[in-house]
Amino acid sequence: MAAPTTTGVIDTAIHNQRIAVLNVATGRLRQVSPGNLHTYDYDWSPDDKTFVATAAPGPGDNNWWIAQVYTIDSAKGNAISIYKPSLQVAVPRWSPDGRSIAFIEGLMSDEGFHGGDLFTIPATGGDAQNRTRNRKSSVSSLFWLTPDRILFTEVVGGGGAISELTLGNNSVRTIWKGAEALHAFGNFPDFAVSNDGKFAAAERSTFETPPEIWVGPIGDWRQLTSDNATITATWGKAESLEWTSEGFNIQGWLLSPTRIEPGKKYPMVVLIHGGPSSAVTPEWPAGFGMSRAIIAALSSRGYYVLMPNPRGSYGQGEEFTRANVKDFGHGDLRDVLAGVDAAIKKYPIDPAALGVTGWSYGGYMTMWTVTQTNRFHAAVTGAGIANWQSYYGQNLIDQWMIPFFGASVYDDPAIYDKSSPIRFIKNVKTPTLVIVGERDAECPSSQSYEFWHALKTLGVPTQLIIYPGEGHLFLDPKNQADRLEQTVGWFDKYLK
């Protein structure tokens with residue numbers, strides 16, 4: 001959301017999110033979690049006496065990255081930390097017998113976009129067990145079925161799966177796997193399971209098929225709704241593309257132009273996802289916020305669109321997700337460029353008409369890319385980061401940076417400097433459009449201004465658009481539409 005205007009003495013008013021219990025019969029509402037903790041996610045014990053929660057002292061927006069797992073007595077309101085993670089934790093859930101708690105732990109860059117390994121711990125605390133160690137996937141949500149069985153969703157490559165873990169022998173059975181990713185909790189959930197685990201509901205879509213609700217036994221769903229039956233894609237087909245880069249197997253999605261004429265070559269735009277702990281998986285490219293609509297817009301106007309999942313992404317296990325720690329921009333850009341080579345080798349793409357774009361970490365990667373190579377002839381950077389050193393002191397969520405950089409900027413400034421686009425700004429030749437929301441708390445507009453100001457000073461074709469009142473996610477439909485038109489127009493101007 002857009003950050004509020006801050007004036008006066010800063011950091012004196014901290015508003016913590018708390019658990020409250022409502023007595024339906026009497027209408028009495030009482031807060032049961034401590035006032036000094038911000039609660040992010042919680043689950044009620046089977047006997048209704050205790051909560052398990054991920055929580056941290058406020059301010060809540062900043063401290064999710066240092067949250068611990070707490071149990072909270074619903075009568076007394078006292079909280080006991082039963083697990084202090086080395087990384088980030090999400091989705092704490094009680095076992096049906098109340099003896100154990102399961103949760104996800106991993107390197108996560110954004111609250112609500114979960115990915116990592118599945119852990120269990122005794123409800124009284126003790127040693128946590130990693131139940132999916134070395135599994136080449138990223139667990140995204142979980143459900144206890146019995147005290148010995150957990151159902152979980154996972155990102156696998158550029159798709160997803162639903163699997164079942166048996167705790168007795170730590171074995172995993174995959175029930176369903178497909179070129180789409182489903183998850184039940186966090187941001188934009190699209191999956192739910194009945195209490196016995198035998199029945200599920202999912203909102204399913206792909207690059208070519210709009211969303212509908214499907215229900216039934218897992219993997220044997222039937223379509224329940226047909227609300228979007230009359231809508232057809234006006235863009236091209238998507239294919240999974242795989243390539244190797246420095247020993248990594250990299251996957252991405254390539255969307256083709258709507259029509260391809262024999263003997264003709266087409267421009268291509270590389271769309272780098274945000275995060276970096278995230279992944280591009282198939283979904284209808286016209287959802288809320290319009291962040292994916294650029295894919296459809298470019299395809300329908302004659303572009304190939306490459307959407308890579310380089311190192312640092314979800315879908316290939318924790319080692320892969322952590323592969324760009326202390327190395328932002330360097331290895332992941334090499335993965336992206338190897339994907340560009342793979343796409344050009346296989347498809348009728350004009351190597352002299354390449355563009356690059358992205359939002360958030362993808363915006364940073366766009367800024368970084370044009371400082372490292374002149375292969376791209378147009379760029380649109382959204383909510384980017386030009387200077388990691390100054391960014392550390394400007395954003396409102398600096399706790400997220402410690403797991404990725406290993407230390408604060410004051411303790412190890414060199415690790416921040418080596419990945420800052422501004423350090424290499426004099427290399428830029430690529431015409432670059434810079435877009436950001438006026439009140440972006442995650443990637444402040446000052447970062448975009450700094451990058452644009454440098455390009456303008458150096459004579460590189462550039463333009464800066466700051467959208468009034470918008471935060472990291474644009475909410476005003478007029479601004480969403482204009483952002484889309486400005487982006488496509490910039491690529492049309494320099495690549496066609």
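Bear in mind these aren't lab numbers, they're just calculated from the coordinates by the rules spelled out. These numbers were taken from a predicted model, which means no experiment stands behind them. Cβ placement follows ideal geometry from the backbone for every residue including glycine, while neighbour counts extend to all protein chains displayed.
Table for the structure above
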item: Base-10 log of normalised Debye intensity for the stretch 261-336 (one unit scatterer per alpha-carbon) at q = 0.11, 0.12, 0.16, 0.27 Å⁻¹; result: -0.35, -0.42, -0.68, -1.21
item: Projected-area mean, the stretch 238-495, by convex hull of Cα positions, square nanometres; result: 12.8 nm²
item: Rounded tilt (10° steps) of 445-457 against the dominant C-alpha axis of the chain; result: 10 degrees
item: Normalised contact order of the chain, rounded percent, pairs of Cα under 8 Å and 6 or more residues apart; result: 10 percent
item: Sorted peptide list for 144-150, 249-255, criterion being average Cβ within 10 angstrom, highest first; result: 249-255, 144-150
item: Computed Kirkwood radius, in angstrom, where 1/r is averaged over Cα pairs of the stretch 417-496; result: 13.6 Å
item: Cα coordinate range in the stretch 1-51, projected on the principal axes (Å, largest first); result: 45, 22, 21
item: Prolate/oblate/rounded label for the stretch 20-223 (Cα gyration tensor, a/c 1.5); result: prolate
item: Kirkwood estimate for the stretch 237-364, i.e. one over the average of 1/r between Cα atoms, Å; result: 14.8 Å
item: 29 Å Cα-Cα reach of LYS265 towards lysines, excluding residues that sit fewer than 8 places from it in its own chain; result: LYS237, LYS345, LYS346, LYS429, LYS493, LYS496
item: The stretch 192-270 - Kirkwood radius from inverse mean 1/r over Cα pairs (Å); result: 16.0 Å
item: Whole-number D in µm² s⁻¹ for the stretch 154-232, Kirkwood Cα-pair radius fed into Stokes-Einstein, 25 °C, 0.890 mPa s; result: 180 µm²/s
item: Rounded tilt (10° steps) of 477-495 against the dominant C-alpha axis of the chain; result: 40 degrees
item: Shape call, the stretch 368-473: gyration tensor on alpha carbons, a/c limit 1.5; result: oblate
item: Environment charge of GLN394, counting only residues whose C-beta is closer than 11 Å and scoring Lys/Arg +1, Asp/Glu -1; result: -4
item: Over the chain: helical MRE at 222 nm, DSSP H runs n ≥ 4 each giving -39500 (n - 2.57), nearest 500; result: -5500 deg cm²/dmol
item: Peptide ranges 431-444, 164-177 listed from the most packed, as the mean C-beta count within 10 angstrom indicates; result: 431-444, 164-177
item: Under 15 Å from LYS84, Cα to Cα: aspartates and glutamates that are on another chain or at least 8 residues apart; result: GLU105, ASP127
item: Highest-first arrangement of 186-195, 377-386, where packing means the average Cβ count within 10 Å; result: 377-386, 186-195
item: Beta bridges by DSSP in the chain, antiparallel share as percent, to the nearest 5; result: 75 percent
item: Using alpha-carbon coordinates, inclination of helix 361-372 to the longest axis of the chain, degrees; result: 30 degrees
item: Anisotropy class of the stretch 96-136 from Cα gyration tensor, a/c 1.5 cut; result: prolate
item: Fraction of beta bridges assigned by DSSP in the stretch 238-495 that are antiparallel (%, nearest 5); result: 35 percent
